[in-house]
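The values are calculated or read from the model by the stated rules, or taken from the named source; none is laboratory data. These figures come from a predicted structure and were not determined experimentally. Cβ sites come from the backbone with ideal geometry, for glycine too, and all protein chains shown count toward neighbours.
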Amino acid sequence: MNKPNDSIFKDRDKEAEFWEKNYKETWKTGKPVNVKFAKNLSETLNIRLDPTTINSVRREAKEKGLGPTQLIRMWIMEKLGTASHA
C-alpha cells in the first residue's frame with residue numbers, strides 16, 4: 001500500500017488521492033492506518049440550498065461514499081480547475 005509522506009496529509013486533495021488508491025486494501029485487511037491530519041486547512045463558507053437541491057446533493061454524495069460538503073467542495077475545485085493543485 002502506498003503511504004503518504006510522514007503519514008501527514010498536506011492538503012485535502014492529497015488525502016483524497018491517498019484514500020482513492022488505498023481504501024480497498026485497507027478495508028480488506030482491516031488493519032488501522034495511522035494518519036495525521038493538518039488542521040485549519042481552510043475557512044468555512046455557508047450557503048443556503050432549497051430542500052430539493054440539498055437532498056439531491058446528499059443522495060449523490062452517498063452514492064459516491066462522500067459527505068455532501070466533500071462532494072460540493074470537489075465540484076467547486078473542479079469548476080475552478082484547482083482539483084489537482086495544492
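Taking the conditions (1) modelled with pLDDT under 80; (2) part of a helix (DSSP H, G or I); (3) touching a helix residue (DSSP H, G or I) at 6+ places or on another chain (Cβ under 9 Å) in turn, residue 6 satisfies each one other than (3).
Say whether the condition of being hydrophobic (A, V, I, L, M, F, W, C), touching a Phe, Trp or Tyr at 6+ places or on another chain (Cβ under 8 Å) and in contact (Cβ under 8 Å) with a residue 12 or more places away in the chain is met by at least one residue in segment 64-80. Within segment 64-80, none of the residues are hydrophobic (A, V, I, L, M, F, W, C), touching a Phe, Trp or Tyr at 6+ places or on another chain (Cβ under 8 Å) and in contact (Cβ under 8 Å) with a residue 12 or more places away in the chain. Just one residue in the set 24, 14 is modelled with pLDDT under 85, in contact with a Pro (Cβ under 8 Å, 6 or more places away or on another chain) and not aliphatic (A, V, I, L, M); that residue is 14.
Checking the condition surrounded by 10 or more Cβ atoms within 10 Å (Cβ to Cβ) and of a type in the set (A, V, I, L, M), which residue from 80, 71 passes? From the options 80, 71, the qualifying one is 71. Within segment 29-64, the set of residues being surrounded by 10 or more Cβ atoms within 10 Å (Cβ to Cβ) and modelled with pLDDT of 90 or more comprises 49, 53, 54, 55, 56, 57, 58, 59, 60, 61, 62, 64.
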